[in-house]
Amino acid sequence: MTNNLSVVINADAPQVWTMLREPAKIAQWHGWEADDQAEEINEIYFKDTVVESPDHTSLTVDGGDIFTLKPVPNGTLVSVTRSALDHNSEWAAWDEDITQGWLTFLQQLRFALERHPHDKRRTSFFSVPGTSGSAIEKLGVKDVPAPGEEYSLTLGTGEEISGRVWFKSNHQVGLTVHSYAEHNDGLLIVADQPAIEDLRPDGGSLVIISTYGLGAHKLESIRALWDEWRGENYPSSEPLH
(Lines give C-alpha, C1' and ligand atoms only; values in the text may rest on other atoms or scores of the structure.)
Protein backbone atom coordinates (compact mmCIF):
# COMPACT_ATOMS: atom_id res chain seq x y z
CA MET A 1 0.00 0.00 0.00
CA THR A 2 1.30 3.47 -0.90
CA ASN A 3 0.30 7.14 -0.98
CA ASN A 4 -1.66 7.59 2.26
CA LEU A 5 -3.93 10.64 2.20
CA SER A 6 -5.66 11.99 5.31
CA VAL A 7 -7.83 14.84 6.62
CA VAL A 8 -9.35 15.51 10.03
CA ILE A 9 -13.03 16.41 9.67
CA ASN A 10 -14.93 18.19 12.44
CA ALA A 11 -17.75 15.63 12.40
CA ASP A 12 -18.32 12.27 14.07
CA ALA A 13 -17.60 8.98 12.29
CA PRO A 14 -21.28 8.06 11.64
CA GLN A 15 -21.78 11.41 9.87
CA VAL A 16 -18.75 10.77 7.69
CA TRP A 17 -19.89 7.22 6.96
CA THR A 18 -23.27 8.52 5.75
CA MET A 19 -21.43 10.82 3.35
CA LEU A 20 -19.63 7.75 1.96
CA ARG A 21 -22.65 5.47 1.61
CA GLU A 22 -25.51 7.56 0.21
CA PRO A 23 -25.23 8.45 -3.50
CA ALA A 24 -26.87 11.87 -3.09
CA LYS A 25 -24.45 12.72 -0.28
CA ILE A 26 -21.42 11.50 -2.25
CA ALA A 27 -22.47 13.81 -5.10
CA GLN A 28 -21.93 16.77 -2.78
CA TRP A 29 -18.16 16.12 -2.56
CA HIS A 30 -17.01 13.58 -5.15
CA GLY A 31 -15.81 15.24 -8.34
CA TRP A 32 -18.10 17.86 -9.86
CA GLU A 33 -21.47 18.03 -11.59
CA ALA A 34 -21.35 16.09 -14.87
CA ASP A 35 -23.64 13.94 -16.99
CA ASP A 36 -21.77 10.81 -15.91
CA GLN A 37 -21.30 11.70 -12.24
CA ALA A 38 -24.03 9.35 -10.97
CA GLU A 39 -22.64 6.50 -13.06
CA GLU A 40 -19.12 7.14 -11.78
CA ILE A 41 -20.31 7.21 -8.16
CA ASN A 42 -22.13 3.92 -8.62
CA GLU A 43 -19.06 2.35 -10.25
CA ILE A 44 -16.64 3.43 -7.52
CA TYR A 45 -18.72 3.16 -4.34
CA PHE A 46 -21.47 0.61 -5.01
CA LYS A 47 -20.10 -2.01 -7.41
CA ASP A 48 -20.12 -5.61 -6.16
CA THR A 49 -16.35 -5.38 -5.56
CA VAL A 50 -16.88 -2.75 -2.83
CA VAL A 51 -16.32 -3.99 0.74
CA GLU A 52 -17.76 -2.36 3.89
CA SER A 53 -16.38 -3.25 7.31
CA PRO A 54 -19.09 -4.35 9.77
CA ASP A 55 -18.19 -1.52 12.17
CA HIS A 56 -18.40 1.15 9.43
CA THR A 57 -14.79 2.27 9.87
CA SER A 58 -13.39 0.95 6.58
CA LEU A 59 -14.58 1.04 2.99
CA THR A 60 -12.72 -0.57 0.11
CA VAL A 61 -13.94 0.99 -3.14
CA ASP A 62 -13.74 -0.45 -6.63
CA GLY A 63 -10.08 -0.57 -7.64
CA GLY A 64 -8.87 -1.41 -4.14
CA ASP A 65 -8.34 2.02 -2.58
CA ILE A 66 -9.39 2.03 1.09
CA PHE A 67 -11.15 4.70 3.16
CA THR A 68 -10.58 4.39 6.91
CA LEU A 69 -12.35 6.37 9.63
CA LYS A 70 -10.80 6.89 13.05
CA PRO A 71 -12.36 9.01 15.83
CA VAL A 72 -9.98 11.65 17.16
CA PRO A 73 -10.51 14.38 19.80
CA ASN A 74 -11.48 17.04 17.24
CA GLY A 75 -13.56 14.88 14.89
CA THR A 76 -12.76 12.02 12.56
CA LEU A 77 -9.50 11.22 10.82
CA VAL A 78 -10.42 10.12 7.30
CA SER A 79 -7.68 8.45 5.27
CA VAL A 80 -7.46 7.00 1.79
CA THR A 81 -4.79 4.40 1.20
CA ARG A 82 -4.04 3.71 -2.44
CA SER A 83 -3.87 0.13 -3.64
CA ALA A 84 -0.58 -1.14 -5.00
CA LEU A 85 0.12 0.10 -8.52
CA ASP A 86 -0.51 -2.45 -11.26
CA HIS A 87 1.89 -1.39 -14.01
CA ASN A 88 -0.06 -3.44 -16.55
CA SER A 89 -3.36 -1.71 -15.82
CA GLU A 90 -4.94 0.69 -18.29
CA TRP A 91 -5.00 3.19 -15.41
CA ALA A 92 -1.29 2.92 -14.56
CA ALA A 93 -0.33 6.11 -16.43
CA TRP A 94 -3.04 8.01 -14.55
CA ASP A 95 -2.06 6.78 -11.08
CA GLU A 96 -0.77 10.14 -9.85
CA ASP A 97 -3.92 11.85 -11.16
CA ILE A 98 -6.00 9.41 -9.11
CA THR A 99 -3.95 10.19 -6.00
CA GLN A 100 -4.34 13.92 -6.58
CA GLY A 101 -8.04 13.40 -7.20
CA TRP A 102 -8.48 11.72 -3.82
CA LEU A 103 -6.68 14.66 -2.19
CA THR A 104 -9.12 17.06 -3.85
CA PHE A 105 -12.17 14.97 -2.99
CA LEU A 106 -11.15 14.50 0.66
CA GLN A 107 -10.93 18.28 1.01
CA GLN A 108 -14.31 18.66 -0.69
CA LEU A 109 -15.73 16.06 1.73
CA ARG A 110 -14.35 18.02 4.69
CA PHE A 111 -15.79 21.24 3.30
CA ALA A 112 -19.21 19.70 2.66
CA LEU A 113 -19.47 18.32 6.21
CA GLU A 114 -18.03 21.31 8.04
CA ARG A 115 -19.61 24.12 6.04
CA HIS A 116 -22.64 22.79 4.12
CA PRO A 117 -23.80 19.44 5.56
CA HIS A 118 -27.40 19.97 4.41
CA ASP A 119 -26.88 22.16 1.33
CA LYS A 120 -26.70 21.28 -2.33
CA ARG A 121 -23.67 22.52 -4.19
CA ARG A 122 -23.44 23.80 -7.73
CA THR A 123 -20.13 23.24 -9.44
CA SER A 124 -18.30 24.72 -12.39
CA PHE A 125 -15.31 22.84 -13.77
CA PHE A 126 -12.74 23.14 -16.51
CA SER A 127 -9.34 21.69 -17.34
CA VAL A 128 -6.60 23.25 -19.45
CA PRO A 129 -3.39 22.05 -21.11
CA GLY A 130 -0.05 23.04 -19.64
CA THR A 131 1.24 24.63 -22.84
CA SER A 132 0.40 28.12 -21.55
CA GLY A 133 1.71 27.59 -18.01
CA SER A 134 0.42 26.82 -14.52
CA ALA A 135 -3.12 27.95 -13.68
CA ILE A 136 -2.07 28.36 -10.04
CA GLU A 137 0.52 30.91 -11.11
CA LYS A 138 -1.63 32.63 -13.76
CA LEU A 139 -4.51 33.05 -11.31
CA GLY A 140 -2.23 34.54 -8.65
CA VAL A 141 -2.93 31.98 -5.92
CA LYS A 142 0.54 30.45 -5.61
CA ASP A 143 1.66 32.55 -2.63
CA VAL A 144 -1.47 32.56 -0.47
CA PRO A 145 -0.94 32.26 3.33
CA ALA A 146 -0.87 29.03 5.32
CA PRO A 147 -4.01 26.89 5.64
CA GLY A 148 -6.48 28.43 8.07
CA GLU A 149 -5.23 31.96 7.49
CA GLU A 150 -7.37 34.71 5.99
CA TYR A 151 -6.58 35.97 2.50
CA SER A 152 -7.83 38.65 0.12
CA LEU A 153 -6.73 38.89 -3.51
CA THR A 154 -7.65 39.75 -7.06
CA LEU A 155 -7.71 36.67 -9.26
CA GLY A 156 -6.27 36.64 -12.75
CA THR A 157 -9.92 36.71 -13.84
CA GLY A 158 -10.21 40.22 -12.36
CA GLU A 159 -12.54 39.00 -9.61
CA GLU A 160 -11.80 40.19 -6.06
CA ILE A 161 -12.20 37.32 -3.58
CA SER A 162 -11.57 36.77 0.12
CA GLY A 163 -11.96 34.04 2.72
CA ARG A 164 -9.60 31.52 4.30
CA VAL A 165 -7.02 29.18 2.85
CA TRP A 166 -8.68 25.76 3.07
CA PHE A 167 -5.61 23.70 2.14
CA LYS A 168 -2.33 23.81 0.21
CA SER A 169 -0.25 20.98 -1.20
CA ASN A 170 2.59 20.64 -3.69
CA HIS A 171 0.19 20.83 -6.63
CA GLN A 172 -3.11 22.19 -5.29
CA VAL A 173 -4.59 25.25 -3.60
CA GLY A 174 -8.02 25.35 -1.98
CA LEU A 175 -9.65 28.64 -0.92
CA THR A 176 -12.96 29.38 0.75
CA VAL A 177 -14.66 32.27 -1.04
CA HIS A 178 -17.19 34.50 0.73
CA SER A 179 -18.92 35.54 -2.48
CA TYR A 180 -19.46 31.97 -3.71
CA ALA A 181 -22.21 31.17 -1.21
CA GLU A 182 -25.22 32.80 0.42
CA HIS A 183 -23.72 31.72 3.76
CA ASN A 184 -20.65 29.76 4.99
CA ASP A 185 -18.60 30.42 1.83
CA GLY A 186 -18.03 28.48 -1.37
CA LEU A 187 -14.87 26.64 -2.34
CA LEU A 188 -12.32 27.20 -5.11
CA ILE A 189 -9.76 24.50 -5.90
CA VAL A 190 -6.99 24.97 -8.47
CA ALA A 191 -4.73 22.01 -9.23
CA ASP A 192 -1.73 21.70 -11.51
CA GLN A 193 -1.30 18.30 -13.18
CA PRO A 194 1.96 16.54 -14.07
CA ALA A 195 3.05 15.69 -17.58
CA ILE A 196 2.22 12.17 -18.80
CA GLU A 197 4.29 10.99 -21.76
CA ASP A 198 2.20 10.54 -24.92
CA LEU A 199 -1.02 11.38 -23.05
CA ARG A 200 -0.48 14.80 -21.50
CA PRO A 201 3.07 15.75 -22.48
CA ASP A 202 2.81 19.36 -21.27
CA GLY A 203 0.95 18.71 -18.04
CA GLY A 204 -2.13 20.77 -17.32
CA SER A 205 -4.38 22.31 -14.68
CA LEU A 206 -7.96 22.03 -13.49
CA VAL A 207 -10.32 24.33 -11.62
CA ILE A 208 -13.34 23.33 -9.51
CA ILE A 209 -15.68 26.07 -8.27
CA SER A 210 -18.30 25.00 -5.69
CA THR A 211 -21.09 27.48 -4.97
CA TYR A 212 -24.07 27.33 -2.62
CA GLY A 213 -27.40 29.13 -2.63
CA LEU A 214 -26.57 31.73 -5.28
CA GLY A 215 -29.20 33.16 -7.58
CA ALA A 216 -29.08 32.39 -11.29
CA HIS A 217 -27.76 35.83 -12.27
CA LYS A 218 -24.94 35.79 -9.69
CA LEU A 219 -23.96 32.26 -10.63
CA GLU A 220 -23.89 33.03 -14.33
CA SER A 221 -21.75 36.14 -13.80
CA ILE A 222 -19.17 34.07 -11.90
CA ARG A 223 -19.18 31.40 -14.59
CA ALA A 224 -18.82 34.00 -17.35
CA LEU A 225 -15.75 35.56 -15.71
CA TRP A 226 -14.07 32.19 -15.36
CA ASP A 227 -14.89 31.06 -18.89
CA GLU A 228 -13.63 34.33 -20.36
CA TRP A 229 -10.33 33.93 -18.49
CA ARG A 230 -10.04 30.31 -19.61
CA GLY A 231 -10.63 31.22 -23.25
CA GLU A 232 -8.13 34.07 -23.22
CA ASN A 233 -5.35 32.16 -21.45
CA TYR A 234 -5.93 28.64 -22.78
CA PRO A 235 -7.69 29.06 -26.14
CA SER A 236 -7.46 25.37 -27.06
CA SER A 237 -9.24 24.22 -23.87
CA GLU A 238 -12.85 23.02 -23.63
CA PRO A 239 -15.46 25.48 -22.25
CA LEU A 240 -16.35 25.53 -18.58
CA HIS A 241 -19.14 23.19 -17.51
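Worth pointing out:
- Among residues of the stretch 199-217, those that are part of a loop (DSSP other than H, G, I, E, B) and either touching a Gly at 6+ places or on another chain (Cβ under 7 Å) or in contact (Cβ under 8 Å) with a residue 40 or more places away in the chain (or both), counted: 5
- Beta carbons closer than 9 Å, at least 6 apart along the sequence or on distinct chains, never pair a first residue in the stretch 166-186 that is without any contact (Cβ under 8 Å) to a residue 12 or more places away in the chain with a second that is of a type in the set (Ser, Thr, Tyr).
- Test: residue in the stretch 87-100 that is open to solvent by less than 20 Å² (accessible area, probe 1.4 Å) and not polar (S, T, N, Q): no
- Among the residues of the stretch 108-125, the ones that are part of a helix (DSSP H, G or I), open to solvent by 20 Å² or more (accessible area, probe 1.4 Å) and either at positive phi or touching a Leu at 6+ places or on another chain (Cβ under 9 Å) (or both) come to 1 in all.
- Qualifying residues in the stretch 151-170 (those that are touching a helix residue (DSSP H, G or I) at 6+ places or on another chain (Cβ under 6 Å) and outside any loop (DSSP other than H, G, I, E, B)) - the one farthest from Ser221 (Cα to Cα): Phe167
- Per the conditions (1) in a loop (DSSP other than H, G, I, E, B); (2) in contact with a strand residue (DSSP E or B) (Cβ under 6 Å, 6 or more places away or on another chain); (3) at pLDDT below 95, the sole criterion not satisfied by Trp32 is (3).
- Residue that is farthest from the chain's Cα centre (by Cα) [pool: residues in the stretch 29-55 that are in contact (Cβ under 8 Å) with a residue 24 or more places away in the chain and open to solvent by less than 30 Å² (accessible area, probe 1.4 Å)]: Tyr45
- The stretch 126-150, residues that are open to solvent by less than 20 Å² (accessible area, probe 1.4 Å) and part of a strand (DSSP E or B): Phe126, Val128
The values are calculated or read from the model by the stated rules, or taken from the named source; none is laboratory data. The structure displayed is predicted, hence computed values, not measured ones. No Cβ is skipped: glycine too gets one built from the backbone with ideal geometry, and neighbour counts run over all protein chains shown. These area figures cover heavy atoms from the full protein model, side chains too; ligands, DNA and RNA do not enter into them. Shrake-Rupley method; radii C 1.70, N 1.55, O 1.52, S 1.80 Å.
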